[in-house]
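Below is one structure; the comments refer to it alone.
The values are calculated or read from the model by the stated rules, or taken from the named source; none is laboratory data. Remember, predicted model here, so these are calculated numbers, not experimental data. Cβ placement follows ideal geometry from the backbone for every residue including glycine, while neighbour counts extend to all protein chains displayed. We work out accessible area using only protein heavy atoms, side chains counted, and drop any ligands, DNA or RNA first. Shrake-Rupley method; radii C 1.70, N 1.55, O 1.52, S 1.80 Å.
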Amino acid sequence: MMAIEDVGIVSLTGVEAASRLASDGPNELPTAKKRTLARQTWDVVSQPMLFLLLGAGLVYFLLAEVLDGIILMSFVVVVIGISIYQEHRTENALVALRDLSAPRALVIRDGNQVRVPGREVVRGDVVLLVEGDRVPADAVLVECVNLSVDESTLTGESVSVRKASAGKDVLDTAMGRPGGDATPWVFSGTLVVKGRAIAVVRNTGLGTELGRIGTALRTIETEHTPLQREINRLVAVLATVGMGAALAVVVLYGLTRHHWIEATLSGIGTAMAMLPEEFPVVLTVFMALGAWRMSQRHVLTRRSAVIETLGSATVIGVDKTGTLTMNTLTVRELRVDGARLLLDGLPLPERFHELVEFAVLASPVDPFDPMDRAFRDLGDAYLGGTDHLHTNWDLVREYPLSEYLLALSHVWRSPDLAHYVIAAKGAPEAIADLCHLDADRMVALTEQVEEATVGGLRVLAVARARFGATHSLPTEQHEFEFEYLGLIGLQDPLRPGVADAVAECAGAGVRVVMITGDYPGTAMAIAREVGLDTRGGCITGSELDNMAEDELARRVRSVGVFARMVPEQKLQLIRALRANGEVVGMTGDGVNDAPALRAADIGIAMGGRGTDVAREAAALVITDDDFASIAGGVRQGRWIFDNLRKAMAYIIAVHVPIFGMSLIPVFVSDWPLVLMPVQIAFLQLIIDPACSIVFESEQIDPRVMQRPPRGVDEPMFGRGVLALAALQGLSVLIAVLGVYLWAMADDRPDEVVRSLTFATLVIANLALILVNRSWRLSIRRTFLERRNPTLKWILGLAVILLVALLGVGELREAFDFGPMRALDWLVALSAGALGVTWFEIWKLRVRD
């Protein structure tokens, strides 16, 4: 493609772009307004737990218990503050993720190609468009090659339209309307389905055709994941049981003690004790903040369900180039007529000059692709100052690569020649087809290719042709009479850390398979180098096409390398793997990869080199295109799920003794009530931040990648998890109830009984936090091996509040508590710790 200066276009500078962005505003459509503080407060207050607290406060005021009512209302304010803080963190994380997932644009600024967020594109920007890109703004085409655009978002027509570059007389005219063939305009939000182009932006934001119509560029579908449905079912069951128990408490209390207002308070307390309102909050916080943490490690989560699925992945199919390797190709060797030359910086022998010359001619003048850059660098390094570089030649036509012919050709016009010069490069078999090689030469070519690919090189062939300048150029490359010139071997080094990441996945029970368009020899060499399982051999694209479905499903159980594959064949591999019960993650970057990315359990798009279509189809986007980040995503997904399960188990466990001590005293008329709404509200001040802050901040278990994948249908609350949580809660309830009965047997006043029981319950609550930080390590080892900066604040604040509540006379009286002796504190501390001791012993069976 010609330089933009050739058509009178000059790229913007960074300063000019920043000035226009400031004056015109960002290139985006209006989105939903951020929720105000009042709106956030109302959303929190409208939750069932807050309604119960407000109702209890109203009852206290009706009973003329003004102090209790004020205390409860102050707790309401604190709980609202905590909830708003959590929502603020969640909302900020989601906003940041939306910014990361926004479309990007490749523009020219200060003469250099830079990739910027779509919202930062401004009027006058020179934009480079390639197949798979979303057009970032309304623009006029300066130059294009075989460009077709899907404008269905604006016209409703599903058939793509052909585009043409604008003449100089059109560059300054007004934009036309969408639709119609051979127009020189492209529009924001439309999709490039074929070809590439250079365009100059005319309108952005609300000034675009899309903005004027008022159509939303992107829509985010709210989906209920299996985990959300599981939690919703559990909440519904517990809420139903809780409301039933609360009603029974009101009736029983009223009939036995004949005080219906206090009965109402007891019923509210029972409902508060049973209602697991933390579940949906914790799920939202963990998913949002977990996704944000993953994005900081180059893994962008586009759909929340993928965090659940990551822990179940059993197979990950990855591309070789750019994912396992650096995607920074360099030419390593040249082959001409059987002679092989390893490039070492020494002068190039004359017999290899023509091969390099035509490889350069078959590459773009201003290359972006790593392979094309490698050929340009090769020419500059070895042919600089010779007659083999043709800076004064004009590119007349380009015959692009296609799925039917893996070769491309450039047609050049020389001022000194009376004919066109054609340079072609591509897959050796495609160039051999263009050159009509006979059987003997094909055998020799195949041997040379296999020899090079066994060493891990990527091999391309080069050919030349000439064509009369007075004739019309043919429509196909096959109509030229090509002459075969030789082979070029390129090397793409492995990314650092890939071998370790592959080994980590293997240890986690996740099989990594390579899917590449390269030759089997190259693919197998790279596979062995990174540590993939190569014992099952390799399946090629042609072999796959000839396999029956049952045979393919059988072979993919053991084969770890798939070579000479085209994107459409990924879909066949996914179906075969899933037919074997595998949970499949699949990488992709092109338009043709989108069906495979959607069909996979975990679609993984490459954010650096991937098209917008691939990014939109995927559930994960790897922003640095590194396989180590994919392995890290699996690790972090398991970590998030682990911490979420521990937080949920803690919530279940802590609600059991609260519910039990709210309910049990009601059945005996002369037993003092322990937990009224004001005391339960105090407990919520510990429970809410513990489950949503402490457990979310818990460090990853080093052994998380040493376990087999979690079953895809395995619920978070399996029988084992529910049994552990329930047993923890029951053991704490027994300990608290024991202290309660001991205090009554010792004829202690009701206020002291209440103090002792409440202190034991709070201490046991803190003990539950400590034991649930790890289900493998003891409390002591967890403190030594896991750092959690939020833990000390939660524990410290809870202890200070408890001591103040029971030690300061005014506060003690306000909560209907009595004074405690040193022995009472020792009993409460011992019983609270004893309630979870069995779990510490249980952990011994899973220790090192």
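The label point for L826 and the one for D624, both projected 7 Å from the Cα toward the Cβ, are 5.6 nm apart. Using the Karplus relation 6.51 cos²θ - 1.76 cosθ + 1.60 with θ = phi - 60°, the per-residue 3J(HN,Hα) values for region 193-203 come to 9, 7, x, 8, 7, 10, 9, 10, 5, 9, 9 Hz, with x marking Gly and Pro. For region 502-626, the dipole from Cβ point charges (+1 on Lys and Arg, -1 on Asp and Glu) about the Cα centre works out to 340 debye, to the nearest 20. Modelled this way, with points 7 Å down the Cα-to-C-beta line, the labels at L722 and V193 are 5.0 nm from one another. Remark: region 381-429 carries a charge dipole of roughly 40 debye about the Cα centre, counting +1 on each Lys and Arg Cβ and -1 on each Asp and Glu Cβ.
Given a 1.4 angstrom probe, I'd like the percentage of the accessible area of region 804-848 that is carbon and sulfur, rounded to a whole number. Ligands and nucleic acids excluded, carbon and sulfur reach 66 percent. Rolling a 1.4 angstrom probe over region 647-801 with all protein chains present gives an accessible area of which 66% lies on carbon and sulfur atoms. For region 635-648, backbone phi angles converted through the Karplus equation (6.51, -1.76, 1.60; θ = phi - 60°) give residue-by-residue couplings of 4, 6, x, 5, 4, 4, 5, 4, 5, 5, 5, 5, 5, 5 Hz, Gly and Pro being listed as x. Projecting label points 7 angstrom from Cα along Cα→Cβ for A339 and R528 puts them 3.0 nm apart.
Just to verify a number: FRET efficiency for H478 and S19, C-beta to C-beta distance, R0 = 56 Å, to 0.05? Before the final figure, lay out the partial values.
Values: r = 51 Å, r/R0 = 0.92.
Calculated transfer efficiency: 0.60.
The distance separating the Cα centre of region 306-362 from that of region 438-482 comes to 18 Å. Distance from the Cα centre of region 533-567 to that of region 710-737, in angstrom? Comparing the Cα centres of region 533-567 and region 710-737, I get a distance of 44 Å.
With the other protein chains left in place, how much accessible area per residue, in square angstrom, belongs to region 657-813 at a 1.4 angstrom probe? Please list the in-between numbers first.
On the way: 6200 Å² over 157 residues.
Accessible area per residue: 39 Å².
Computing the accessible area with a 1.4 Å probe over protein heavy atoms, can you report the carbon and sulfur percentage for region 421-482? That share works out to 49 percent.
Per residue, region 322-475 exposes an accessible area of 49 Å² to a 1.4 Å probe, with every protein chain left in place.
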